[in-house]
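The values are calculated or read from the model by the stated rules, or taken from the named source; none is laboratory data. Remember, predicted model here, so these are calculated numbers, not experimental data. FYI the Cβ positions are ideal-geometry reconstructions off the backbone, even for glycines, and counts take in every protein chain you see.
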């Protein structure tokens, strides 16, 4: 199979999964016990008002009609009106989406870079104290809940050393003149240091451990002997040849991690009061704002699916031996 | 027949012991895990106070005491003994951890066995379901599920079971693929064994160490999930859990003054999750001997 048809096949697969995901979300909110309108419709209200509200949200229609309408609206990117904010969900979600993506991208990026470098070093210094300590440390951090690691960092840097802000995305009272300023101001960066560091420390364990064992495996292969015989220095062999070939399993691991990373984002944004989709989904569920919760949930699923898709493509790019099937 | 059964069981337990011999980390993990189980079972005997008991001294509430001999991990804003809370919290962690892990590994192993053995359309279908399970964001799914169906301990376990089986399913399927054409399987096929019999008696015993490995890992994930949910306020209101202790510190922002209140429950979570990881790793070494070198 050629490259093009492989990509097309993967896209079709992704769309099918997306369709199933969207259907599950629909069923989840409508069929599970617990009335989504419970917070909105008060049982003290006159029956006519209750009915009018049900009608306004289209909840008086039979289920299959609601489903068709729901799919139609999704196709044009319409997630309905938020119960809580009284605005269109789509525009509310869009802003929070970028806040999340920037924080997550930087945090996970850092985690991968630091994790991979540490992994290479640990493999290189096989049997050293550095190796033993770094393994125990990363394993312990990974075994802690993400929010706990965040709280500890807040305690150290926010409270005792009083160096960094405790949370939020910018100082109160700062007026923004443009979107550019929003993401490139110093204030924004300062607010991002702690949450991004938390992400980096928390997630570097997986790339670190995988990189280390992949390196140890690659170092035993024949081509490394050949490179060594060519007279290259140890660090050149390690970083140039062995590391490149060990990247594959590290990249693939992202597909397994992403679903947990989205969940981690919920915890991280909650403790740092970072106004992203993670923090919003908690408040949407708490206020029973279900058009909002629904949209945020689908958004998170879409991010996972896209990451999976990109990693699949990368995988084939990184390892030319893999055929497109 | 009965004799053969006891022999098999004896062999089974001996081989389990064998797993932990020569794997010091696995052994440490097993010991820590056993300690937590003891702690959970005998919590009322170990804990000096009740989990929610407010302690008075000379008529005044013992608020926010730092750790001392009387209160090993200090006290809370409400004058509760944190050491006792952590001891009782092990009950929620062990229960959620073990029950969800068993559920996850049963579903995962069954799907993996069927998918790998039968192949074809069954396999393609089941693997799409696995893809879907990977596409669903894990924690948000459970938050919504629990918020809609009620904040009970069982809903948390079911929620975890509904999604986390995806990883063992994928790994065990791969293992089955490599097993199903081996000579001993061929042999029983030639002897006329049914598919069901081959799966149950020839293939399943060989993927069992992998199943155990993922059971242990799933336990860690389940405990972290329970902690996350309780921290967000979706914990079972009838249970004291480590996540809930941390939830209480956070909502009154007491970490500014009471570091001890944050530290103890967090370390307890780390220890128990870590033990699951070590046990899982010990079992993984059985199926993947190359791991022994690294």
Yes/no for residue B:207 being in contact with a helix residue (DSSP H, G or I) (Cβ under 6 Å, 6 or more places away or on another chain), modelled with pLDDT under 85, more than 29 Å from residue B:233 (Cβ to Cβ) and away from chain A (no Cβ under 12 Å)
no
Counting only residues in region B:243-281 that are more than 9 Å from every other protein chain (Cβ to nearest Cβ) and within 22 Å of residue B:143 (Cβ to Cβ), the one farthest from the chain's Cα centre (by Cα) is identified as B:251
Conditions (1) at pLDDT below 90; (2) under 22 Å from the mean Cα position of the chain (by Cα); (3) closer than 24 Å to residue B:139 by Cα; (4) surrounded by fewer than 19 Cβ atoms within 10 Å (Cβ to Cβ); number of the one not met by residue B:240
(4)
Regarding region B:148-163, can at least one residue be identified that is more than 12 Å from chain A (Cβ to nearest Cβ), assigned to a helix (DSSP H, G or I) and at pLDDT below 90?
yes
If residue B:144 satisfies every condition in (1) facing chain A (nearest Cβ under 10 Å); (2) touching a residue at least 40 places away in the same chain (Cβ under 8 Å) but one, which is the exception?
(2)
Checking residue B:166 against (1) at pLDDT below 90; (2) closer than 30 Å to residue B:32 by Cα; (3) touching a helix residue (DSSP H, G or I) at 6+ places or on another chain (Cβ under 7 Å), only one condition comes out false. Which one?
(1)
Hey, can you tell me all the residues within region B:55-79 that are crowded, with 19+ Cβ neighbours inside 10 Å, more than 14 Å from residue B:254 (Cα to Cα) and in contact with a helix residue (DSSP H, G or I) (Cβ under 9 Å, 6 or more places away or on another chain)?
B:71, B:73
Being within 14 Å of chain A (Cβ to nearest Cβ), surrounded by 24 or more Cβ atoms within 10 Å (Cβ to Cβ) and over 30 Å from residue B:47 (Cα atoms) narrows it down to one of B:108, B:89, so name that one.
B:108
Tally of residues being outside any helix (DSSP H, G or I) and within 24 Å of residue A:234 (Cβ to Cβ) across region A:84-138
4
Which of the residues spanning region A:214-246 are under 28 Å from the mean Cα position of the chain (by Cα), touching a residue at least 60 places away in the same chain (Cβ under 8 Å) and surrounded by fewer than 21 Cβ atoms within 10 Å (Cβ to Cβ)?
none
Checked A:292, A:267, A:279 against criteria (surrounded by 15 or more Cβ atoms within 10 Å (Cβ to Cβ) and within 10 Å of chain B (Cβ to nearest Cβ)); the one match is A:267
Name, by its number, the condition in (1) within 12 Å of chain B (Cβ to nearest Cβ); (2) modelled with pLDDT of 85 or more; (3) out of contact with any helix residue (DSSP H, G or I) (no Cβ under 8 Å at 6 or more places or on another chain) that does not hold for residue A:8.
(1)
Among the residues in region A:251-260, are any at pLDDT below 90 and away from chain B (no Cβ under 14 Å)?
yes
Across (1) closer than 21 Å to residue B:265 by Cβ; (2) modelled with pLDDT under 90; (3) crowded, with 16+ Cβ neighbours inside 10 Å, residue B:46 clears everything bar (3)
Report yes if residue B:225 is touching a residue at least 40 places away in the same chain (Cβ under 8 Å), within 12 Å of chain A (Cβ to nearest Cβ) and within 15 Å of the chain's Cα centre (by Cα), otherwise no.
yes
